[in-house]
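*Asks:* After the C-alpha cells below, expect a handful of questions from me.
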Amino acid sequence: MRRRTLRSVWSHYLRVRKRLAEAEISGVERRMAEREARGLRDRLVVNYSPLVKYVAGAGSPVACPDRSIRRTSSRRGSSGS
C-alpha cells in the first residue's frame, strides 16, 4: 500500500466525490467510486479522531480531571458545570 500524506488523501477523496457527482458514470464505475470514497473517508476519520477527541475534551473539566485545565477553562468564562 502506498503511504499518502493527509493532503493527498483529501485531494484524492475530493476528486472521487466529484466523479460521483457526475451523472454519466456507469453503475459499476459508481460502485467502485463509492467504495473508494468510503475507504478514503474512513482513513480521514481515523487520522482526525485523536484531534477531535482532544478538542472535544479540552474545554470540558468533566472529561479531563487535570485541575490546571479546569482553572484555565474557568478563566475564559466557562462555568465548569
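Laboratory data are not the source of any read-out in this text; all were calculated from the coordinates shown. None of these values were measured; they are calculated from a predicted model. With ideal geometry, Cβ positions are generated from the backbone for all residues, glycine too; neighbour counts draw on all protein chains shown.
*Asks:* Which distance in nm do the two modelled labels at residue 24 and residue 3 give, with both placed 7 Å along the Cα-to-Cβ direction?
*Replies:* Each label point is offset 7 Å from its Cα along the Cβ direction, giving 4.1 nm.
*Asks:* Arrange the following residues from fewest to most other Cβ atoms within 10 Å of their Cβ: 45, 16.
*Replies:* 45, 16
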